Amino acid sequence: MPIIVSSFSLTALREAQKAAPDLPRGVLFDAPPVDWLGIVRRADAVSMHCNWRHLRAQTLAAARAADVPLLVYTCNGAQDARELLAQGVASLVTDRLDLVSGFDRR
């Protein structure tokens, strides 16, 4: 996914869909609510994004089972990033590219 529009605001995601229907959208949460999957589906989003510190194993497992890519923000530690990617997180956002560059998903 080279470009994705993400927002905490479902209204903003609806407006983005109207303005650029071909761009994929992701729903942002700090901590995913219990009904995150329903919210993602109702928003016609392709992915869910959350604060990596609030990601729970059961949420990641549910996302993988539903074939919903899960992106996390803002992970600034190399070891944390490696572990998240190894667990199946689709992508991550970082402020410290110097710390997390140089490794791949394997």
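Values quoted throughout were computed directly from the atomic coordinates according to the rules given, and no laboratory measurement underlies them. Just so it is clear, the model here is predicted, and its values are computed rather than measured. Cβ atoms come from the backbone with ideal geometry, glycine included; neighbour counts cover every protein chain shown.
Charge tally around Ala57: other residues with Cβ under 12 Å, Lys/Arg +1 each, Asp/Glu -1 each, net +1. Computed over the Cα atoms of the stretch 11-70, the ratio of the radius of gyration to the Kirkwood radius (Rg/Rh) comes to 0.98. Could you give the angle, 0 to 90 degrees to the nearest 10, between helix 78-87's Cα long axis and the longest principal axis of the Cα atoms of the chain? Tilt relative to the chain: about 60 degrees.
Counting only the Cα atoms, the chain fills a convex hull of 102 Å³ per residue. Remark: the Phe8-Val34 segment gains 7.8 nm on full extension, using 0.36 nm per residue and subtracting the alpha carbon distance. Pairs of Cα atoms nearer than 8 Å and 6+ residues apart set the relative contact order; for the stretch 5-100 it is 20 percent.
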